[in-house]
Amino acid sequence: MELHLTNDRATPDEQSAVDGVLGAPKDRRVIASGNGHGAGEDALGGENRRHLLLPVLHALQARTGWLSPGALNYAAARLDVPPAEVYAVASFYDLFRLEPTPPVSLHVCDDIACKTQGADALCAQLESSLGQEGAPCMDGKATWFRSPCLGLCDQAPVALLRSAGKSPREAMVAQATAQTVLASLQNVMEDKEVPAESRPRIKEFLPQLGETQLRLLRRVGQVDPTSLREYEQTGGYAALRRAMEMGREKVVQEVVASRLLGRGGAAYPTGKKWEAVLRQLRPESVHYVVCNADESEPGTFKDRIFMKGDPFAVLEGLTIAGFAVGAKKGFLYIRGEYPESFRFMSQAVAAALGHHYLGDGILGSSFSFDVEIRRGAGAYICGEETALFNSIEGYRGEPRNKPPFPTESGLFRRPTIVNNVETLVNIPEIVLRGGAAYARIGTPQSTGYRLFCLSGHVKRPGTYEVLFGMTLRQLIELAGGVGGTGRLQAVLLGGAAGSFVSPAELDTPLTFEGVRGIGANLGSGVVMLFDDSVNLKDILARIAKFFHHESCGQCVPCRVGTIRQEEILARLTGNRTDGSTENEIALLKEVAQAMRDASICGLGQTAPNALLSAIERWRLFA
Amino acid sequence: MNESGLAPSALIPVPRGPVPEVPARQAVRMVDISIDGKKVFASEGSTILEAARQAGIDTPTLCFLENLTPVNVCRLCVVELEGSRVLVPACSRKVEAGMAIRTDSERVRLSRKMVLEFLASSVDLSAWPEFGGYCERYGAHPERFGKDALDHKQLVKIDNELYVRDYAKCVLCYKCVQACGVEAQFTFAIGVAGRGFDAHISTEFEIPLPESACVYCGNCIGVCPTGALMFRSEYEMRQEGRWNEAEQTKTDTICPYCGVGCDLTVHTQDGKIVKVTSPLDHSVTHGHLCIKGRFGWQFVQIQPALQDYR
Ligand SMILES: Cc1cc2nc3c(=O)[nH]c(=O)nc-3n(C[C@H](O)[C@H](O)[C@H](O)COP(=O)(O)O)c2cc1C
Ligand code: SF4
Ligand code: SF4
Ligand code: FES
Ligand code: FES
């Protein structure tokens, strides 16, 4: 295609960053997309490399700290994508900067869990020592931003450090104080390690560590996550072997029989998806399996635990999925703010390739399967499955209208399975134990194990594995009880897209059917506690801001509705109501109804949930 | 989409995540559905919108245009489908046997009203002809969101001789991007940049149009529903208060420039050409033209001084 480019040219440095992903010019071979093995979409005849746009943008951002017009022109020319579209895609993501930006950036979470642990004070301190958010600081070498939830809420408050250059660095600062953040910033600028005490730790935030009843979490914190050998020694890859003996039909039957419901938030029966894709299998079929590790729902951090603590289990689940539905390629989409998960998963993919658990002829059979890792770049919406496909394909992460569903037309328009990390980690259990036996765990409608992410005002925050059936009260007790003042005001269940429940509802069983009874849902397993010192209106304002910030902007009810809901809430909170409070609340409800009914995707459809649940439960503005 | 309807061809990039389509079935069959309690026979593969029109039910639309693939983003056309948790867009949802659809239920009316209010509270809809009627029909009162409601007010972009861009009127219907890209022009000068409420139509790096890939085919103007993109001639006449559609005549003719034979509709006022469009249903143009047909009419109006012929 003939491209019209502006006169801006890429520097040699920028060119080499792009060439690092695409190979030197004229060499059509694709070098890598982060994890060192072949990329390429067979369905596109190997020519269309647009799906490498996101990795290319990442490489540029990591090299120079921003995406210059010259660099984007070069990327456009190399990928044969019009520059207006490259710009359209780049400007979709928070982690890509389109203005000259200092090489070091600090992203400080000011989202709801971090707020309970002093994030606002932290941000205020940083503002006084570093200056305004977004302005250059440290002699123009760094800058800082407030960020939505970074997925480390159990170790709140949290910051992410990124430094661009020839050897780019990324690090998380956990349980941050102004002191540790500034020290880490200084260290990163001097190219030194982030101090150990401010780095995230897995073991301390797995309060059940070592307990023998654990199934999903049994290896986390106990084995070396970089050692394939230790994985094998602890039963790893036995399920893949078993699955390959059983054959695909039987594997899918077992998953159906397990009645496993997806753990990503929508609680859709996993077996149904797998069946639908398997049913379309023909000799010439191209199918895909995708592991959704975007984990950006505020309060959610369980998938990170697997990726950092038991990465091979994630791969094994994905490989079994690929085998079961006849896919030759799997994608793992990890949120951009999870540098360590990316590192551990990349190592695991390389090790699995080296030991024939991935690649051609797995375990000496004729089954071939590759996994490619993609990193998100700061967009909650890319966790929505169809937005995720668009993001991988090199388009803006805008959800697609459904139908068609992914099982019919998914990634690259092929039949595709998308499953959450935790969902996939259940698969080896189901294969080894048998679907029927698995289905006897938990309750009849909520089978198996479930992870919950406890954060906020709780004594022992962290990830907990329980059998379905435990009540909310029991779970909080398991986590040591209410923290903070010790007097519970509210629990946010299911994340920002979930709902608030009151202390009177603590005896609700944490099952899909149980929480439905109180008009809530389990979502992605978020259980966030707020003591009576918290101003819930502040928390609601942050949630409203989150949705306004994360809406993809495609459809009117969500693009404008999220703004109007935020404005109405601000008026109510500030006692600046337009007319009576009742009028404002009635208006808010109409906004909510239209968002729920007419938005394209789950983001807009659930954006008013938490707000209304709180306003109704506590008559906040009555 | 290539013929198998599976993957976009290697050489044809798509301006946005392509809108997926349910793979079409072979033979055209008729299916039985019900709309507002009435039985309707619709051809399989047609949309709810088409079926509703066939049944004489008017459905408001904004981002839909007959000559473009539906992007279903404005949500003005939503209808209630029995068994569906949420409302569905009539413009893109294909009919299936047994569907029971309501186009005028409380839920439908509420969503349509809110979409109108959301839009009108954030952009200037004064040049969208259907706006007033729809507001009346659905009881929309955009001022409910208050004077301080965040909006898209901004300066009009006038950076070339042929057309102006007034993005304070843009409803982000994606049509101009479609027309500039795979659905007509294949120029790809514009895209949707930014996210959420900041999403907007933009050239690469927000550069002015003359520096971009724009070839001035004006197809984007042809599809823009709200006058955000406007002929400079029309814009200036409107500014001067001289624009008067009632006084205009439309004359259909064939473009004189090349052998393709595009249909033109020439709009004249006071004996002068004020703009040129092309009918959407024309088999050659589907409403799309090139710079010559769209703008190359100034010569008609130049009145040469007599001595020039001497
Ligand atoms: C706005 C939005 C964000 C989402 N984010 C995630 C996510 O980060 N991880 C995830 O697994 N599912 C997420 N989902 C749900 C996915 O669309 C999809 O249902 C899920 O990945 C399917 O996997 P499962 O069946 O194993 O749960 C999100 C959905 C929406 C609407
Ligand atoms: S609901 Fe929101 S996030 Fe989803 S498609 Fe619409 S604008 Fe985008
Ligand atoms: S400029 Fe016009 S055609 Fe383009 S998106 Fe905006 S309203 Fe639609
Ligand atoms: S990491 Fe701050 S709220 Fe989740
Ligand atoms: S006309 Fe159907 S969604 Fe816009």
Just the accessible area for B:VAL274, please: 1.4 Å probe, Å², rounded to the nearest 10?
0
What does the structure give for A:597-603 when I average, per residue, the other chain Cβ atoms found within 10 Å of the residue Cβ?
6
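Using +1 on the beta carbon of Lys and Arg, -1 on that of Asp and Glu, and nothing else charged, what's the dipole of the protein assembly as shown about the Cα centre, debye to 20? Don't skip to the answer; put the middle values down first.
Working: 99 positive and 108 negative charges, 301 e Å.
Charge dipole, the protein assembly as shown, about its Cα centre: 1440 debye, nearest 20.
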Residue-level accessible surface for A:THR386, protein heavy atoms, 1.4 Å, Å²:
0
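Translational diffusion coefficient, Stokes-Einstein: compute it for the protein assembly as shown using the Kirkwood radius over C-alpha pairs as Rh, at 25 °C and 0.890 mPa s, and state it as an integer in µm² s⁻¹.
Values: Rh = 29.2 Å.
D = 84 µm²/s.
For A:LYS302, what charge total do you get from the other residues with a beta carbon under 12 Å from its beta carbon, if Lys and Arg give +1 and Asp and Glu give -1? It would help to have the intermediate numbers written out before the result.
Working: positive: A:ARG263, A:ARG304, A:LYS308, A:ARG450; negative: A:ASP154, A:GLU295, A:GLU297, A:ASP303, A:ASP310, A:GLU422, A:GLU465.
Local charge sum for A:LYS302: -3.
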For A:HIS58, what is the net charge nearby, where nearby means another residue's Cβ is under 10 Å from its Cβ and Lys, Arg count +1, Asp, Glu -1?
+3
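Kindly provide the helix-only [θ] at 222 nm of the protein assembly as shown, computed as the sum of -39,500 (n - 2.57) over DSSP H runs of four or more divided by all residues, to the nearest 500 deg cm²/dmol? Walk me through the numbers before you get to the answer.
On the way: 32 runs with 308 residues, N = 932.
So the helix-based figure for the protein assembly as shown works out to -9500 deg cm²/dmol.
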Whenever you get a sec, line up B:TRP297, A:TRP274, A:TRP66 from highest to lowest accessible area (probe 1.4 Å, protein heavy atoms).
A:TRP66, B:TRP297, A:TRP274
Above 16 Å lies some portion of the pair distances; for segment B:108-153, what is it as a whole percent of all C-alpha pairs?
31
Selected from B:LEU162, B:SER111, B:VAL223, residue furthest toward positive end of dipole (chain B; charges at beta carbon)
B:SER111
Net charge around B:ALA52, counting only other residues with Cβ within less than 14 Å of its Cβ (Lys, Arg = +1; Asp, Glu = -1)?
+2
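Past 20 Å, Cα to Cα: identify those pairs from A:LYS115/A:LYS589; B:LYS250/B:LYS272; A:LYS141/A:LYS166; B:LYS169/B:LYS292; A:LYS308/A:LYS459, in the order given. Don't skip to the end; give the middle numbers.
Values: A:LYS115/A:LYS589 27 Å; B:LYS250/B:LYS272 11 Å; A:LYS141/A:LYS166 15 Å; B:LYS169/B:LYS292 27 Å; A:LYS308/A:LYS459 24 Å.
From the list (A:LYS115/A:LYS589; B:LYS250/B:LYS272; A:LYS141/A:LYS166; B:LYS169/B:LYS292; A:LYS308/A:LYS459), the Cα-Cα distance tops 20 Å for A:LYS115/A:LYS589; B:LYS169/B:LYS292; A:LYS308/A:LYS459.
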Starting from the residue with the highest accessible area, list B:ASP281, B:ASP166 in decreasing order, probe 1.4 Å.
B:ASP281, B:ASP166
Report the charge-dipole magnitude of chain B in Debye, nearest 20, computed about the Cα centre from +1 at each Lys and Arg Cβ and -1 at each Asp and Glu Cβ.
360
Note down the accessible area of A:TYR74, probe 1.4 Å, to the nearest 10 Å².
40
Mind jotting down a quarter of the surface of the convex hull over the alpha carbons of segment A:81-235, in square nanometres, one decimal?
12.6
Which residue, B:GLY241, B:LEU172, B:CYS135, has the largest displacement toward the positive end of the dipole of chain B when charges sit on each Cβ (Lys, Arg +1; Asp, Glu -1)?
B:CYS135
I want the antiparallel fraction of DSSP beta bridges within the protein assembly as shown, as a percent rounded to 5.
65
Using the C-alpha atoms of segment A:536-618, what convex hull volume per residue, in cubic angstrom, is computed?
79
Cross-link pairs beyond the 26 Å C-alpha cut-off, checked among A:LYS273/A:LYS302; B:LYS175/B:LYS275; A:LYS272/B:LYS175; A:LYS537/B:LYS147:
A:LYS272/B:LYS175
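So what is the orientation-averaged projected area of chain B, using the convex hull of its C-alpha atoms, in nm²? Don't skip to the answer; put the middle values down first.
Details: hull surface 80.6 nm².
Directional mean of the projected Cα hull area for chain B stands at 20.1 nm².
Does segment A:108-200 come out rounded, prolate or oblate by the C-alpha gyration tensor, with a ≥ b ≥ c the root eigenvalues, rounded set by a/c under 1.5 and, if not, prolate when a/b is larger than b/c and oblate if not? All intermediate terms of the calculation are to be shown ahead of the outcome.
Values: a/c = 1.76, a/b = 1.26, b/c = 1.40.
It comes out oblate by the Cα gyration axes.
The values are calculated or read from the model by the stated rules, or taken from the named source; none is laboratory data. A quick note: this is a predicted structure, and the numbers were derived from the prediction, not measured. Positions of Cβ are generated from backbone atoms using ideal geometry, with glycine treated the same way; all protein chains shown enter the neighbour counts. Heavy atoms of the whole protein, side chains included, go into the accessibility calculation; ligands, DNA and RNA do not. Shrake-Rupley method; radii C 1.70, N 1.55, O 1.52, S 1.80 Å.
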